[in-house]
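Trainee: Mind looking over this structure? Questions follow.
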Amino acid sequence: MTATEQIFVTRVSLAGLLVLASCTQESQPKLDNSDGSMRAAPAAFFSEVAAERGAEFTHVYGAKQRFWFPELASGALALIDYDGDGDLDLYCVQAGDCQEPEVLGLGNVLFRNDGGRFVDITVEAGVGHMGYGHGVAVGDYDNDGDADLYIGNLKENVLYRNNGDGTFTDVTLAAGVGMPKWTVSCGFFDYDGDGDLDLFLVNNVNWSPAVEAKCETNYGARDYCSPGNYNAPSVDTLYRNEGDGTFVDVTESSGISLGTGVGWGLAAADFDGNGALDFYVANDGMANLLWLNDGEGHFTDRALIAGCALNVNGTAEAGMGVQAADIDNDGDQDLFMTHMHNETNTFYLNKRGVFTDRTSISGLGIESLLYTGFGMGFHDFNLDGELDLFVANGRVGLTPPHLSESDPFAEPNQLFLGQGGGKFREVAGGPTALKLIGTSRAAAFGDLDNDGDVDLVYLDWAAPIKILENRGPHEGAWVGFRVLGSHGADALGAVLEIDTGGRTQYRRADACYSFCAANDPRVHCGLGAANTVVEVRVLWPTGERESFGPFDAGLYHTLRQGEGR
Amino acid sequence: MLSPKNSHQGPPRPMLLDFLAQLRLSLILAGLLGGVLHGCGQGPSGAPGPATRIAVGSGFDADVMELIGQLADAVDAAPLDPDLRVSLALAFEANSLWEEAEAAWDAALGFDPDHGLWITHKAAALSERGATLEALAAYQRALELDPALDAARHRLGRLQIQLGKDELALATFGEVVRRQPIAYNALIGMAEALNNLGREAESKSACERALKLNATYKRAHYVLGIALRGLGRLEEAERELALGADSKERFLNDSLTVKLNSYRRGYGARIQDALDLVGTGQAQRAVPLLKKLLESHPTDRVVLVNLGVAQISVGNNSEAIEVLERALVLDPNDFAVLINLATAEGALQRLPAMLKHSQQAVRAAPNVSATYYVRAHAYMQSGRYGEAYTDLKKAAALDTDDARYPLEAAGCAVRLGRKRDALELYAAGLRLQPAHLPALVAMGALANQLGRRSVAEDAYRQAVALQPDHERVLALGKELGLR
């Protein structure tokens, strides 16, 4: 070997704290809009109602001052209609203690939605697992008509089969999905088009207390390390559903094992338009992975050439949350992901399978530089026919400036209103009238009160969860669709072309996006000036196409595979 | 959060990280800790105010505090001296203390509000703390005052790109290039704007011009990759994108740059300086920097390992082993340490130690191709080609982007008499690195031996296209009867 062939190691220390003098005494960061215009007018879209609705759940991450890496982004949230009564129930995944998850006696909690009041029915349902949770997936893996739960933990994961009577059974062992790696985001998808849901797990670093490092700020205080300090990127996992209640680990045979990373976020869609479901993994400080499916169940990472491994500068960013959505409404699936402060959140525009980093013209770039984004979701919150964006922010280190005296990690969350064509404008006053600041992580999106607009739940680190109820103002009518495959389960991945006469909106049935969250699988669509839907064309995950409609606005409709034209 | 790119690294290949991005030296807001000190450009009477400082006892990097303290004392002793104000501002800027830098530049500008260069530096501080539009206006003002400030123009172009104003950015970078035809980084700014405007062919030309001026500028490779992809030349694009991964921006220097760099004091700044030196083939200069850092950070893994790397780079393998063994005490399973240690031991022909440490590296990081690569070299140096071949194949399976693995595995296969396997491996390696002359020649000769005439002739033609007069190419031509 030559002398130029050595390895450089990663840096250990994190931020420095500095006391300084200032002329202006300004205490809030200033952000400019990219086009120099004023920000969107304040509009209090959301009201925080968690306690009012009875959903009292406080995230606990373990002993303070220990600074163990998995603590940083623990906890997860799922919206699941577990009892099939048509409204979304809420499952909160707890952390607890890294080393002994059960020592604090805190487990996951299931809240049943009783007409807007959330009731803790964890014990009756039997889903109070204690496992230092980080991820959650919802899907009807056994095609029996009810939603099952999979929980990604620091150690062994858990699969709860829904018994259909309000209770669940832990079938992890029988199903063969008790992955012992540290799993974060995870999701059910039918990658092989055989009509049942498979399972993809994003695994973070290969962690144990023994590999913990001592990282410090420049002023000598303990702080969290970055994943690079562990030198232990992991391989993600793909389980194929065998259709008999069991899964087979196909990580090796599918080619997924050829990529490593420090993954947090997961998205799945047919990015290259070949009719097969692909996977995208947002890695933290490493190149992202785009697993293109050849349709035969074999995957190849093509992120670099596709243009979504690194940002426009050729730099790997700290990928956290991610969503695949048709952000510019042109019929293909774009990507957006959240990152660390000093990095922008990044918008990769897809044109026929080639991604271009168009953050700079999206209105989502410099607006995000000061914050560390985690959970996020594109939805038409104001029903004007354009996708909007909510981003949950919160730091991962003691990096100044601190925006809250009580929580050095706290940051405000952000709301952006879609302007069409993949451009956005930040709402100046933030998502809520009452300013909320916290260390936000997972965020799950769905219509909790079935009133046609999208609400959201987010998890604040070491704090109570927040439910943001969408109260408008709204700029149009709405329509919603439950999209069911031929077996009766949600057809996750189905693509809808919603034709309102003068315009087509492209939406997808998707539950797996954001950060460590499972979301409402229904398709929500603001209609803007339109008041009816002429036709809905569905591309099913199995490859068939059907048309449905017309449909009235202001209602949820069910589209069943095989019942269309 | 950042991490080494294990999925893409070739072993043992430098894993340079953007150190400053990890340090994220930033600022705590004034008054948060009780308004410890105050420093503004102007006092209440309009006279120059006291110098901005770092609070004593805040625990910040001692070297930075000492420098700032000295300069602030000097400012307070001679408050009417603008040069001292500039020095203090540069010291803040050099150590990424952006809000203090902004305040200090304001103080300097109190003496000369129309000093374009000082406004440029204040703009950099504004930009770094997120005040993008204010920074944009400041750069424009600086250029109005002094149109010769190409450093300001270059930074203005970068901001315009960030803001999606690609036509403006193209004009701005174009003006820099018109004034400084060798400004390769401005050419790349033009190329980025051209890519964004869908003018990939022009972008490609700009990148190629930049690479002729500076072939080591990774960003040029990355931007070229984007252009080639837009032109549908996917194989070339992928290669360039890989070459350009983890690139960093390089700004134009100005007349304050030398002084600015001389004020880089913080641990992070100096580590980054050292990494930059090693990464640009100047390890000799990095060694004393790292040794000095080691005095104040004797158990710092980063310092120890990078000093080890620098020592290996300059051939001081015994010294490298000494510091790497100290790093190994901190974490016996640190695969980066183990790989570098084995490398140094290999250079000194200490084969048992090399083998031991490379085996430990494999155990510590079984998913990292670099570990197998270094162990393969330990085996090869011991004449154990079968085991080396296995390890190289494993490395190639773990990292499918690195041509060295299949090419070196091909060499082992030849030694093991597995000529057909070797031929396949050469072909695989050449798909990743088509311009690898020795591999082309070796494949041509091997294919000829195996009776694969067309493969041999094809390899020969490619070799001729690369270096027609190379001794080995000529020999292959003779062997094939083509010369």
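The values are calculated or read from the model by the stated rules, or taken from the named source; none is laboratory data. Keep in mind it's a predicted model, so treat the numbers as computed, not measured. Here the Cβ is made from the backbone with ideal geometry for all residues, glycine too, and neighbour counts use every protein chain on show. Just the protein is used for accessible areas: all its heavy atoms, side chains included, with ligands, DNA and RNA removed. Shrake-Rupley method; radii C 1.70, N 1.55, O 1.52, S 1.80 Å.
Trainee: Taking a cut-off of 17 Å, what percent of all Cα-Cα pairs in region A:170-235 are separated by more than that?
Mentor: Details: 1284 of 2145 pairs.
The answer is 60 percent, as a whole percent.
Trainee: Still on this model: For region B:200-347, what number results from the quotient of the Cα radius of gyration and 2.2 N^0.38 Å?
Mentor: Working: Rg = 19.0 Å, N = 148, 2.2 N^0.38 = 14.7 Å.
In units of the 2.2 N^0.38 Å rule of thumb, it is 1.29.
Trainee: What's the Cα-based Rg to Rh of chain B, Rh via Kirkwood? Could the numbers behind the result be given before it?
Mentor: Working: Rg = 27.0 Å, Rh = 25.7 Å.
Computed over Cα atoms, the ratio is 1.05.
Trainee: Could you tell me the convex hull volume per residue, in Å³, taken over the Cα atoms of region B:329-375?
Mentor: For region B:329-375, the hull spanned by Cα atoms encloses 57 Å³ per residue.
Trainee: Then there's this: Largest first, please: the extent of the C-alpha atoms of the protein assembly as shown along each principal axis, to the nearest Å.
Mentor: Computed over the protein assembly as shown, the largest-to-smallest principal extents equal 92, 74, 58 Å.
Trainee: Then there is this: ³J(HN,Hα) across region B:137-146 via Karplus (A = 6.51, B = -1.76, C = 1.60, θ = phi - 60°), whole Hz, x for Gly/Pro?
Mentor: Whole-Hz 3J(HN,Hα) from phi for region B:137-146: 5, 5, 4, 5, 5, 4, 6, 4, 6, 9.
Trainee: Follow-up question, since we're still on this one. At a probe radius of 1.4 Å, what is the per-residue accessible area of B:ARG239, in Å² to the nearest 10?
Mentor: Accessible area, nearest 10 Å²: 90 Å².
Trainee: If every alpha-carbon in region A:479-560 counts as one equal scatterer, what log10 I(q)/I(0) does Debye give at q = 0.17, 0.20, 0.21 1/Å?
Mentor: Evaluating at q = 0.17, 0.20, 0.21 Å⁻¹ gives log10 I(q)/I(0) of -0.63, -0.85, -0.93.
Trainee: Using a 1.4 angstrom probe on the protein heavy atoms only, could you order B:ASP401, A:ASP334, B:ASP469 from most to least accessible area?
Mentor: B:ASP469, B:ASP401, A:ASP334
Trainee: Roughly how crowded by other chains is peptide A:298-305, in terms of the mean Cβ count from those chains within 10 Å of each of its Cβ atoms?
Mentor: Average per residue, whole number: 4.
Trainee: Then there's this: Between region A:354-393 and region A:225-284, what's the alpha-carbon centroid distance in Å?
Mentor: Their Cα centres are 24 Å away from one another.
Trainee: Quick one: 3J(HN,Hα) in Hz for region B:315-324, Karplus 6.51/-1.76/1.60 with θ = phi - 60°, rounded, Gly and Pro as x.
Mentor: Along region B:315-324, the couplings run x, 8, 5, 5, 5, 4, 4, 4, 6, 5 Hz.
Trainee: Could you sort B:ASP112, A:ASP278 by accessible area so the largest value comes first, with the probe set to 1.4 Å? It would help to have the intermediate numbers written out before the result.
Mentor: Numbers: B:ASP112 55, A:ASP278 0 Å².
Descending order: B:ASP112, A:ASP278.
Trainee: Using a Cα-Cα cut-off of under 29 Å, which lysines could be cross-linked to B:LYS419, ignoring same-chain neighbours fewer than 8 residues away?
Mentor: Here the lysines satisfying the reach criterion relative to B:LYS419 are B:LYS393, B:LYS394, B:LYS478.
Trainee: What accessible area, in Å² to the nearest ten, does a 1.4 Å probe give for B:LYS356?
Mentor: Accessible surface of B:LYS356 is approximately 120 Å².
Trainee: Which log10 I(q)/I(0) values does region A:424-565 give at q = 0.21, 0.22 Å⁻¹ under the Debye formula, counting every alpha carbon as one identical point scatterer?
Mentor: Ignoring solvent entirely, the Cα scatterers give -1.29, -1.36.
Trainee: Provide the net charge surrounding B:ALA310, with neighbours chosen by a C-beta distance below 10 Å and charges set as Lys +1, Arg +1, Asp -1, Glu -1. Please report the intermediate quantities before stating the final value.
Mentor: On the way: positive: B:ARG285, B:LYS291; negative: B:GLU319.
My count for the surroundings of B:ALA310 gives +1.
Trainee: Using a Förster distance of 60 Å, how high is the FRET efficiency between A:VAL248 and B:GLN282, based on the Cβ-Cβ distance and rounded to 0.05? Intermediate results must be reported in sequence, preceding the final value.
Mentor: Working: r = 53 Å, r/R0 = 0.88.
Between A:VAL248 and B:GLN282 the formula returns 0.70.
Trainee: Please state the Cα pair-distance histogram of chain A with 20 angstrom bins from zero: what percent is in each bin?
Mentor: Over chain A, the share of Cα pairs per 20 Å bin runs 23, 60, 16, 1 percent.
Trainee: Ratio to report: Rg/Rh of region B:310-445, with Cα atoms as the point set and Rh obtained by the Kirkwood method; give two decimals. Write down the numbers at each step before the final one.
Mentor: Numbers: Rg = 15.5 Å, Rh = 15.3 Å.
My calculation of the ratio gives 1.02.
Trainee: Okay, moving on. Take A:ILE361, A:ILE121 and sort them by solvent-accessible surface of the protein heavy atoms, 1.4 Å probe, largest at the top.
Mentor: Heavy-atom accessible area, descending, gives A:ILE361, A:ILE121.
Trainee: Can you give the Rg to Rh ratio of region A:327-440, both from alpha-carbon atoms, with Rh computed by the Kirkwood formula? Write out the running numbers ahead of the final one.
Mentor: On the way: Rg = 14.4 Å, Rh = 14.5 Å.
Using Cα coordinates only, the ratio equals 0.99.
Trainee: Here is a follow-up. For A:351-357, what's the mean count of beta carbons from other chains sitting within 10 Å of each residue's beta carbon?
Mentor: Working: counts 0, 0, 0, 6, 1, 6, 2.
Rounded to a whole number, the mean comes out at 2.
Trainee: Can you list which of the GluC sites (Glu not before Pro) found in region A:374-434 are DSSP loop residues with at most 15 other C-beta atoms within 10 Å?
Mentor: Working: sites: A:GLU386, A:GLU405, A:GLU426; in loops: A:GLU386, A:GLU405.
Sites meeting the loop and neighbour criteria: A:GLU405.
Trainee: Oh, and also: 7 Å from Cα along Cα→Cβ at both B:ASP83 and B:GLN433: what's the point-to-point distance in nm?
Mentor: 5.2 nm
Trainee: Whole number please: convex hull volume per residue of the Cα set in region A:61-205, in Å³?
Mentor: About 110 Å³ per residue, rounded to a whole number.
Trainee: Can you return the lysines within cross-link range of A:LYS435? Criterion is Cα-Cα under 20 Å, with same-chain partners fewer than 8 residues away left out.
Mentor: Output for A:LYS435: A:LYS30, A:LYS466.
Trainee: Can you tell me which lysines have their Cα less than 29 Å from the Cα of B:LYS259? Leave out same-chain residues fewer than eight positions away.
Mentor: The qualifying lysines are B:LYS122, B:LYS218, B:LYS248, B:LYS291, B:LYS292.
Trainee: May I ask for the net charge around B:GLY481, where only other residues with Cβ less than 12 Å from the Cβ of B:GLY481 are counted and Lys, Arg are +1 while Asp, Glu are -1? Walk me through the intermediate numbers first.
Mentor: Working: positive: B:ARG453, B:LYS478, B:ARG483; negative: B:GLU457, B:GLU479.
Net charge around B:GLY481: +1.
Trainee: Something else: Could you pull the accessible area for A:SER185 with a 1.4 Å probe, rounded to 10 Å²?
Mentor: For A:SER185, the solvent-accessible surface is approximately 10 Å².
Trainee: Return the average number of partner chain Cβ atoms within 10 angstrom of each residue Cβ along peptide A:314-325. It would help to have the intermediate numbers written out before the result.
Mentor: Details: counts 17, 11, 8, 3, 4, 1, 1, 0, 0, 0, 0, 0.
Mean shielding count: 4.
Trainee: Taking just the C-alpha trace of region A:288-356, give me its Rg and Dmax in Å.
Mentor: 12.2, 41
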